[in-house]
Amino acid sequence: MVERIARIDRRAYAAGRAGAGRAATAAPTAHRTVPLAPAEEPWWLAHRWSDRAGAVHVVARTALDTPVEPARLDVALRAVAAEHDLWRHRWADGAEGPIRWSEPNAVPAGPAVLTDPTETESAELVERRFELATDCPVRVALLRRTDGPDELLLVGHRIAVDEWTAPALLTAIATAAGQPPADRPDPARTPTDDPADIDPAGTDPADIDPAVPDPAGAGPAGSDPESAGPGASDAAVVDPTPPPAGGTTGLWTGADRTGPATWTAATHDVDLPPTLAATLTARSGDELLAVLAAAWSVLLSRYGGGGRSAVLGTLRRPPADGTSTHATSSIDTSVVATPAVLHLPVTGLSWRALTAHAAAGLARASLDRTGFTDVVRAAAPAREPGRHPLFQTTVALVEAAGAALVTPALGRLDLAVWAFTGGPDGLRVRLAYQPALFAAEQVRAVGGHLLHLLGQAVADPEAAVGSATLLYPEEVRGLVETGRGPVSTGDDRRSRNLVELVDEWSAGTPGATALRFDGRGYTYGELRARSERVAAALTELRIAPEEIVGVLFERGPALPVTMLGILRAGGAYMPLDPDHPVERLGYQIGDARCGLVVTTATLAARLPAGVRTVIVDPADPGGAPPATAPEGRAPEDTAAEGTAPEPGRTPAIDGHRLAYVIYTSGSTGRPKGTLVQHGSAVNYVLHCRDRFPIGPGDRILQFANPCFDVSVFDIFATLANGATLVHAPRAALYDPRELAVVLRTERITAADLPPVIPQLLDLDGFEDLRMLNVGGEEMPGDLAPRWRTPEREVHNIYGPTEVTVTSTEYRFPYPAPPGRPPIGRPLTNLTAYVTDEFGDLTPDGVPGELRMGGDGVVRGYLHRPALTAERFQPDPHGPPGSRVYRTGDLVRWLPDGNLDFLGRVDRQIKLHGNRIEPGEIEVALRLHPDVRNAVVDLYRTPAGDQDLIAYLVVAAGATMGVAELRDFLRDRLPARFLPNRAITVDSLPLTSNGKVDRVALARLASAQGGATVPPSPLNDRLAVLWWRALGRAPADSPGAQDFFDAGGTSIGALALCQAVRDSFGTRITMDAFLADPTFAAVVTAVLRGLRDRGSGGRTG
């Protein structure tokens, strides 16, 4: 996306100087005024639109050795204030933009005095808003403690006070309060009105006269309100080039960002071991900051999934004379902290080289100063409202900070690392973070990991950064233990095979019903006899051990009979889909080098020439094959009638023998065969016996397409555990009414269904259904609350074919909570690891790729050794020879030990820099009383832009416009999740395996174009304001246009919000506008405002 909010357009400001719903303050006329310096502009804008003032406040506090009287503290405060003009600075809106001036006779308010303040009282001191046109931008409080030393607290607005001056001012006040007033300099000094005295950024004419070009390119730098925070000032340093999109820029928070971050910072102090603190403190300022930046960049990379580079901000404050690198404790408000934007590689370097790389970037901060806007424009980052455009974290160093403890102003950063030297404890490291984004325990873990990396960096500077360990050994052990599924006892599942499990029931209960189809039942005794006849026919054809034999049938008992017969003969079955095109069947047979297919006389005609066939009568599976070949095939291509093989000829089948081959779609577009051995399948079906549990008396629906591995649950988890497998014609399975009849009349007790199917069924009449497994695609959050009852379990099932049907499962409690469900924990004898790009475990709760190990991991891919080696890798935490499968899915551990599915590592849905979870939107849409079903996806417009589109199945006679849709969702979802387009469909198209056919929906969207904001008189009036704020002549309705994509600036956004308030009486806060800066959102906000007031808008 184009760089959005990085330009100040002072001409546009004249139309909207009142800001986002906050009354403008008249500019003074009796004093000389100057435009804001670029370093002040982001803090002014953040001040104007933020509903939480603490985001722009710097807080410093220090303990007092001895009590101090409030009167003496007041004298000290006035004395220090008299020495520094910042106490007299004021800010307001001028005719051509924001301005600053000095009030010569202003004096600070006396210190507030609180005795044992409550948490609420302390928070009010910090949060209370500064009215910058009338208030002194600094306030001081004395906190008396009955159970400890008194504290002195200083709160300053970041536009006037930074993290360097705040502790120095606090120390000066405390020192003055401990001395006789006569010992202090004369407080009666009268400040001048010289712009050089009142401009903390110096007297650069570009800061005073907008018509004078800024030689440093810094004039527009501060105009990006999203960059407000440490690292947002008049210039930035790029090291050495604009950060690429692949660099890790922030930490995973685990929290949904529902709007711009405007919260007061919370802090966590890292407890440095004395030896490490002493080693670090011995380094010079630049060297210390460089090693901190190096360690932090590695941490960012690991928390970001193992990226090969990291982007971070660093903050330094050189002294005014430039003779030394860092400021001392002297208070010099003419010096502005300058950020460096560091893009650091974190692979292929030693700690010493990485630190040197960081130091070189810091050194350029005083030489190659590049305007912040130019940096952002060159990088062209994906923008997200409320976040810094280049990085979300910074590292800053404050030298000679004294004993004061500082809480920095975070602005719109997520987290900042602040190091303070010069205090009684030597080096102190404080993490300041947004408490709405991070839990305190998360930040404690981050601090521990930073400490661990710093220790490695200083202990062995020549060590490779790639070999550094983020986690402590005890953390690794804990994560490995968390990822272990239950361990089976008493049997070696890896040595067993599927045939013997089924035969145990054939021998023990031969008269029990094994199969049902079309009202007819087949016993376990019949199942064995018929499958033995199929095995005999195959044995006569001398199939080799593990030979792949194709299975091509419509739904019915011939499927399990044939599969079991192939396994008895020592072969491996490969299901073929009769609905696939002939070319696809030919590709699969050829790729598998399959020379033999068991099928029917009708379907045999669809096979390529040269393939031998065994013809089975689907009405009598396992009966005598016909004596003649199908038309066009030689009789010798058809097996003669088979007889049961002699016992001595039955091949030995151990758990390592290949059982079946399932073809799955490949990333290259060529399907690939997955090789599954008996032992893995046995482990799975016995888990189903123990967990669900499946056994005699259960009636399982064979729903899944046999070409999908879920059919192993339907067929073998049923027959290997003594239950009854119920077949139905395929047409009945995909018609909700007919499927409901099957479930009721056949008294189905358990089923594994894709999530779209239960959503289409009414809940009545399924009293026998005691267990419902849902898998195949992400489970909607409203499904389990509907289906879970005290008598019926519901499970969320997850697993790739490469880990044998199911890897993890989650059993919902009763009542089932709404919302996106976890995917649960590993199955019996399976292990789950959450790893970064390099296979190292990620910290608890941090996203990473899911790698699965254990007995479910299959052999690999058929005839694809390179792909097998890539996806199946050694298990570093398992026994020798064990392997893990890289799923490519992004997950994280939840605090309760379940896995949270976040999407694909290589295919996340992103829009305008935001990660979108379509499932969350779909769940919210289904809560609307008129919506029966919903699918949300990305849609590419004819112009090439991407947009969110909702496909809706609505009640008969109902309509759903985009404005109504967005209005309904606004209270339930972040603004970035609101679709701008909607299409109503009679029903959702399905693929052959029951999943939503998104390709068909995309074609429908292309044909219909989607619905946009409809024309109306109100929309026409809003469009005039919209185009005016963009500085363009009125045109057609903006539709779903994004204000910043259309070239809007932050000042223009302020103008638009104020114009909407003036014309319609509707207040749109800037936080709300930045979260969803689209014309559709403005229309929705105005409609809501008019509806809430019950009256029309003003004409203004």
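Only the coordinates and a few stated rules stand behind these numbers; no lab work does. These numbers come from a predicted model, not from an experiment. Don't worry about glycine lacking a Cβ; one is built from the backbone with ideal geometry, like all the others, and counts go over all protein chains shown.
Structural remarks
- Phi to ³J(HN,Hα) by Karplus 6.51 cos²θ - 1.76 cosθ + 1.60 over the stretch 561-566, Hz, x for Gly, Pro: 4, 5, 4, 5, x, 4
- Amide H contacts of Val616: Thr599, Thr600, Ala601, each under 5 Å away and 5 or more positions distant or on a separate chain (H built 1.01 Å from N in the peptide plane; Pro and chain starts excluded).
- Other residues lying with their Cβ under 10 Å from the Cβ of Gly448 contribute a combined charge of -1, Lys and Arg counting +1, Asp and Glu -1.
- In terms of the mean number of neighbouring beta-carbon atoms within 10 Å, the peptides 709-720, 526-537, 602-613 order highest first as 709-720, 526-537, 602-613.
- Net charge dipole, the stretch 496-592: roughly 300 debye, given to the nearest 20, about the Cα centre with Cβ charges of +1 for Lys and Arg and -1 for Asp and Glu.
- Peptide ranges 462-473, 817-828 listed from the most packed, as the mean C-beta count within 10 angstrom indicates: 817-828, 462-473
- For the peptides 749-758, 892-901, the ranking by mean Cβ contacts within 10 Å, running from highest to lowest, is 749-758, 892-901.
- Nonlocal amide H pairs with Tyr663, under 5 Å, H built at 1.01 Å: Thr674
- Cα centroid separation, the stretch 591-617 to the stretch 487-532 (Å): 26
- Put simply, the amide H of Asn980, placed in the peptide plane, has neighbours under 5 Å in Leu948, leaving out anything fewer than 5 places away on its chain.
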